[in-house]
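Note sheet for the following structure.
The values are calculated or read from the model by the stated rules, or taken from the named source; none is laboratory data. The shown structure was predicted, so the numbers you read here are calculated from the model rather than taken from an experiment. FYI the Cβ positions are ideal-geometry reconstructions off the backbone, even for glycines, and counts take in every protein chain you see.
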Amino acid sequence: MFKKIIAFLLTLCFFTLSGGINCSAEISASSAIVTVFGSGEILYEKNPRQKRSMASTTKIMTAILALESGMLDREITATKEMVTVEGTSIGLLAGDKISLRELVWGMLLQSGNDAANAVAVTVGGSVDGFVGMMNDKAKALGMVDTHFVTPSGLDADGHYTTAYDMALLTSYCLKNEEFVKICSSRQATLSYGNPPYKRTLTNHNKLLQLYDGAIGVKTGFTKKSGRCLVSAARRDGLTIICVTLNSPNDWDDHSYLLDCGFANVKKTELIYTENPRVHIISGEGDSLSLSASGKAFAFSLKGNPKISVRVYSEKFAYAPVKKGDVLGEVCFYYENGEKAASLPLTADSDIKQKNYSESKNKGFFKRITDFFKGE
């Protein structure tokens, strides 16, 4: 890990992705929000803090807790408690062998309620125990208007969230590479059963086919909740998050709102011009300078985000060092503390290793010469 040597620095230049469009059209959703991933800026909102049931978008929380459990490769044997649940399923039967990782795939692609129950019992010890974990995580993420009762999203008294809170959760989950990989996959071939055999699951999220750059996230529907959808899309490094609750025309709503996001967010190039130096041990030079390599960008609706910079560098390096070797990192952060981007700090020049034997011999012959000179 590189040592921090500089706390902050602001060096920015600006240019715009596009001219922007007016996002004032009425959408079908009862509640909705569109945010910029990273900065958390709100691009659009409609009743964003109105408490509503959220159907299977609940499984976003269930999935991230499973992914963070540290036992994804654990094979479990499905029990009657796990599979006795109504609604969509991945076809689990009591006695089937399946890994926790495959259960996450089954939840995010095919919205299996049986998969969600199996995760809850495996990770939380019981459904109630896992629901407690869900609510603890929600609190930690600042989801103050959310309360979970089921791991699957089946309707229950006291099971609710808001569009705003679901955007917070999604922003957190998109930092997990495996979560992104799973929810952005159109299909997956898994092997489970008793004995296990291969099955192909298809993602219920049609945006993966309909919208360029879509990377998920989760669909949901019950009669009480209506159609619920959490989506994200990424283009040219910019990721937009969109949440709608009770949206009869959710595919159209999300396509429109995501287009609004990409049209109105500005792209800011982040430039670091300092040249910190690193002490060199056992080298022909005592130190060398470093430079930031590559390009980094931040994204903001305003176009002039407040960015802080932290520079991490090794306090020293052992020779030899080659020009271009990575000896540090520049990290750029949004005002909310989320990382916007980073750049490697690389050596500006070569430093050869000191030849101690040659140096020692030169010192010996100099002392002999000085002796005969009478010095």
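Among the residues of segment 41-73, which ones are touching a helix residue (DSSP H, G or I) at 6+ places or on another chain (Cβ under 6 Å), assigned to a loop (DSSP other than H, G, I, E, B) and of a type in the set (Ser, Thr, Tyr)? Within segment 41-73, Ser69 is the sole residue that qualifies.
Just to be sure, is Leu257 touching a residue at least 12 places away in the same chain (Cβ under 8 Å), assigned to a helix (DSSP H, G or I) and either outside the structural domain of Leu207 (by TED's automatic domain parsing) or aliphatic (A, V, I, L, M) (or both)? Here the answer is yes, as Leu257 does meet what is asked.
If only residues of segment 230-242 that are touching a Phe, Trp or Tyr at 6+ places or on another chain (Cβ under 8 Å) and hydrophobic (A, V, I, L, M, F, W, C) are counted, the one that is nearest to Ala340 (Cα to Cα) is Leu238. Applying a threshold of 9 Å to beta carbon distances and a minimum spacing of six or more residues, or different chains, the list of pairs starting in segment 52-66 at a residue that is outside the structural domain of Arg101 (by TED's automatic domain parsing) and ending at one that is surrounded by fewer than 24 Cβ atoms within 10 Å (Cβ to Cβ) and β-branched (Val, Ile, Thr) is empty. Looking for something in a loop (DSSP other than H, G, I, E, B), under 28 Å from Thr346 (Cα atoms) and charged (D, E, K, R) - is there at least one such residue anywhere in segment 212-227? Checking segment 212-227: not a single residue is in a loop (DSSP other than H, G, I, E, B), under 28 Å from Thr346 (Cα atoms) and charged (D, E, K, R). Only residues that are in a loop (DSSP other than H, G, I, E, B), in contact (Cβ under 8 Å) with a residue 12 or more places away in the chain and either buried (at least 18 other Cβ atoms within 10 Å of the Cβ) or of a type in the set (Lys, Arg) (or both) were counted in segment 140-183, giving 12. Applying a threshold of 8 Å to beta carbon distances and a minimum spacing of six or more residues, or different chains, the list of pairs starting in segment 70-81 at a residue that is surrounded by 12 or more Cβ atoms within 10 Å (Cβ to Cβ) and ending at one that is assigned to a loop (DSSP other than H, G, I, E, B) and not aromatic (Phe, Trp, Tyr) reads Thr77/Gly95; Thr77/Asp96; Ala78/Leu92; Ala78/Leu93; Ala78/Ala94; Ala78/Gly95; Ala78/Asp96; Thr79/Ala94. Of all residues in segment 301-330, those satisfying the criterion of being surrounded by 19 or more Cβ atoms within 10 Å (Cβ to Cβ) and either touching a helix residue (DSSP H, G or I) at 6+ places or on another chain (Cβ under 6 Å) or under 19 Å from Thr239 (Cα atoms) (or both) are Pro305, Ile307. Among the residues of segment 303-319, those identified as outside any strand (DSSP E or B) and closer than 19 Å to Pro344 by Cβ are Ile307, Glu314, Lys315. Checking the stated criteria, Lys218 turns out to be crowded, with 22+ Cβ neighbours inside 10 Å, under 30 Å from Tyr160 (Cα atoms) and among the charged types (D, E, K, R). So if I check each of Ser313, Ser287, Ser282, which one is in contact (Cβ under 8 Å) with a residue 40 or more places away in the chain and more than 32 Å from the chain's Cα centre (by Cα)? Unique residue meeting the criteria: Ser282. For Asp325, indicate whether it is within 32 Å of the chain's Cα centre (by Cα) and without any contact (Cβ under 8 Å) to a residue 40 or more places away in the chain. Yes; evaluated as a whole, the condition is true for this residue. All of Leu301, Leu343 fail the test of being under 30 Å from Ile240 (Cβ atoms), of a type in the set (A, V, I, L, M) and at pLDDT below 90, apart from Leu301. One residue stands out among those in segment 30-40 that are in a strand (DSSP E or B) and among the hydrophobic types (A, V, I, L, M, F, W, C): the one that is nearest to Ala298 (Cα to Cα), which is Val36.
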